[in-house]
Amino acid sequence: MSLPQFKLLRPRALGEALEHLAKHDSNARVLAGGTDLIPSMRQKLFKPQYVLDIRHIAELKGIREQQGSGVEIGALTSLTTIEHSALLRRRYPVLTEAAATVASPLLRNMGTIGGNICLDTRCLWYNQSLTWRKACGFCIKKDGDLCHVAPGGTKCWAAFSGDTPPALLCLNAEIEIASPSGLRRLPLRDFYTGDGLAYRRLQPNELVTRVFLPESSADYRGVYRKLRVRGSIDYPLAGVAVVLKRSNGNVADARVAITAVNPAPLLIKGAGELLAGKTVDEALAQAVGDLAAKSAKPLTTSALTPEYRKEMIRLFTKRAVLAAANN
Ligand SMILES: Cc1cc2nc3c(=O)[nH]c(=O)nc-3n(C[C@H](O)[C@H](O)[C@H](O)COP(=O)(O)OP(=O)(O)OC[C@H]3O[C@@H](n4cnc5c(N)ncnc54)[C@H](O)[C@@H]3O)c2cc1C
Ligand code: SF4
């Protein structure tokens, strides 16, 4: 599949990138590692006039510890760098574990944390070639007006299928967004809309520039569990992140988040309260699994049945809670 024609823009500094975005706005697409954007362009899901290749903006790369206030990660930091960071592994292990499961080693070398956060939602009816989509009928997410997954509805239910966002949600991460009018910072949990079409709160002239992990989330035990068809390379079909801190053998604080079963990654409401002050045993871990499964609303957007994926959320959450409590 060939790439559509486009003009490549290669800024070397953030200011220059923002100038391009201010000028070309929705006619431009941002390229970081390109591991998702390029296949999507080959499938003609996007035909931008301009591709803004931000890979050479050095100031957006790297992991920096801020004494007493956590860690800052540049949006262009590769997933491999995150996976192998001794600092992150020691202080925020759920993130290194989740990053290590993304795609394959080669894709992690190219793929960035910013790209993983901004990843487009996915659906069996959408991530296909133009010929395939034309033959089967276009849908709301691209060029059509109906949904094959939920016929009769007006909403797109494509699943958010990134691995690191549930880990980042558990860590109460914040992101920095740059636009021609300045910088803004927002909790990652407010970035996703829950709509498969307009899935993120990001204007065409904005860039995600940094991720902040607060000091208050450091040193939690962390576990990430993921369901995929091929163990060596595949998007998640269900994913669960758990962080947990213990005190005197009981849970002092915990958070659970899921991915790939809704149009947005989700923090599970009530999971922390359910665990707080208790000793984790099978029954408690099962109760948290049941709670997570209630929030999982998988549809036929992905391989494997929705029922199976929901059950895997239940089981993986239980296992992840037990593992986080015992590791
Ligand atoms: C075979 C295969 C398997 C994969 N498996 C997985 C998997 O298991 N788990 C998973 O999470 N992902 C998977 N991916 C998707 C992808 O490799 C990763 O999500 C990767 O982290 C994307 O990062 P990137 O830098 O390559 O993003 P890009 O492809 O460059 O960009 C992705 C999207 O984010 C936007 N974007 C990127 N950076 C920014 C920024 N800083 N500000 C604003 N917008 C931005 C782009 O415009 C684009 O819309 C897979 C991809 C392939 C091809
Ligand atoms: S959920 Fe429906 S509208 Fe969205 S991509 Fe799939 S078929 Fe299209």
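The values are calculated or read from the model by the stated rules, or taken from the named source; none is laboratory data. Computed from a predicted model, the values in this text were never measured in an experiment. Neighbour counts run over all protein chains shown; Cβ positions are idealised from the backbone, glycine included. The accessibility values were calculated without ligands, DNA or RNA, using every heavy atom of the protein model including side chains. Shrake-Rupley method; radii C 1.70, N 1.55, O 1.52, S 1.80 Å.
Specify the residue that is surrounded by the fewest Cβ atoms within 10 Å (Cβ to Cβ); the eligible residues are those in region 282-295 that are within 21 Å of the chain's Cα centre (by Cα) and over 20 Å from residue 171 (Cα atoms).
294
Of all residues in region 26-58, which are of a type in the set (D, E, K, R) and under 15 Å from residue 208 (Cα atoms)?
The initial filter retains those residues of region 26-58 that are of a type in the set (D, E, K, R), namely 29, 36, 42, 44, 47, 53, 55.
Scanning region 26-58 gives 29, 53, 55.
Quick check: is even one residue across region 305-326 closer than 17 Å to residue 254 by Cα, in contact (Cβ under 8 Å) with a residue 60 or more places away in the chain and surrounded by fewer than 22 Cβ atoms within 10 Å (Cβ to Cβ)?
Within region 305-326 (the criterion being closer than 17 Å to residue 254 by Cα, in contact (Cβ under 8 Å) with a residue 60 or more places away in the chain and surrounded by fewer than 22 Cβ atoms within 10 Å (Cβ to Cβ)), the answer is yes, since at least one residue qualifies.
Could you please find all residues in region 142-169 being outside any loop (DSSP other than H, G, I, E, B), surrounded by fewer than 24 Cβ atoms within 10 Å (Cβ to Cβ) and within 9 Å of ligand 2 (Cβ to nearest atom)?
As a first pass, look at region 142-169 and keep what is outside any loop (DSSP other than H, G, I, E, B): 142-143, 159, 164-169.
Among the residues that remain, those that are also surrounded by fewer than 24 Cβ atoms within 10 Å (Cβ to Cβ) are: 142-143.
Scanning region 142-169 gives a single hit, 142.
Among the residues of region 120-141, which ones are open to solvent by less than 60 Å² (accessible area, probe 1.4 Å), hydrophobic (A, V, I, L, M, F, W, C) and either in a helix (DSSP H, G or I) or more than 14 Å from ligand 2 (Cβ to nearest atom) (or both)?
If the condition is that a residue be open to solvent by less than 60 Å² (accessible area, probe 1.4 Å), hydrophobic (A, V, I, L, M, F, W, C) and either in a helix (DSSP H, G or I) or more than 14 Å from ligand 2 (Cβ to nearest atom) (or both), then 130 is the only one that fits.
Within region 46-61, identify whether any single residue is within 13 Å of ligand 1 (Cβ to nearest atom), open to solvent by 20 Å² or more (accessible area, probe 1.4 Å) and not in a loop (DSSP other than H, G, I, E, B), and answer yes or no.
Yes: region 46-61 contains one or more residues that are within 13 Å of ligand 1 (Cβ to nearest atom), open to solvent by 20 Å² or more (accessible area, probe 1.4 Å) and not in a loop (DSSP other than H, G, I, E, B).
Could you count how many residues in region 30-45 are near ligand 1 (Cβ under 6 Å from one of its atoms) and of a type in the set (S, T, N, Q)? Give the derivation first.
Of all residues in region 30-45, those near ligand 1 (Cβ under 6 Å from one of its atoms) come to 30-37, 39.
Next, only the ones that are of a type in the set (S, T, N, Q) stay: 35.
Residues meeting the conditions: 1.
Looking at region 98-113, which of its residues are small (Gly, Ala, Ser) and within 6 Å of ligand 1 (Cβ to nearest atom)?
Filtering region 98-113 for residues small (Gly, Ala, Ser) gives 98-100, 103-104, 111.
Residues satisfying the conditions are 103, 111.
List the pairs whose first member sits in region 63-86 and is assigned to a helix (DSSP H, G or I), whose second member is more than 12 Å from ligand 1 (Cβ to nearest atom) and of a type in the set (S, T, N, Q), and whose Cβ atoms are under 7 Å apart, counting only residues at least 6 apart or on separate chains?
Sorted first by the residue in region 63-86, then by its partner, the pairs are 82/96; 83/96.
Scan region 271-281 for residues that are assigned to a helix (DSSP H, G or I) and open to solvent by 60 Å² or more (accessible area, probe 1.4 Å) and jot them down. I'd like the intermediate steps shown before the answer.
The first filter runs over region 271-281 and keeps only residues assigned to a helix (DSSP H, G or I), leaving 271-275.
Passing the criteria: only 273.
If I ask for residues that are closer than 26 Å to residue 107 by Cα and either open to solvent by less than 40 Å² (accessible area, probe 1.4 Å) or assigned to a helix (DSSP H, G or I) (or both), which ones from region 22-42 would you list? Break it down stepwise before answering.
Let us first name the residues in region 22-42 that are closer than 26 Å to residue 107 by Cα, namely 28-42.
Of everything in region 22-42, those that are closer than 26 Å to residue 107 by Cα and either open to solvent by less than 40 Å² (accessible area, probe 1.4 Å) or assigned to a helix (DSSP H, G or I) (or both) turn out to be 28, 31, 32, 33, 34, 36, 37, 38, 39, 40, 41, 42.
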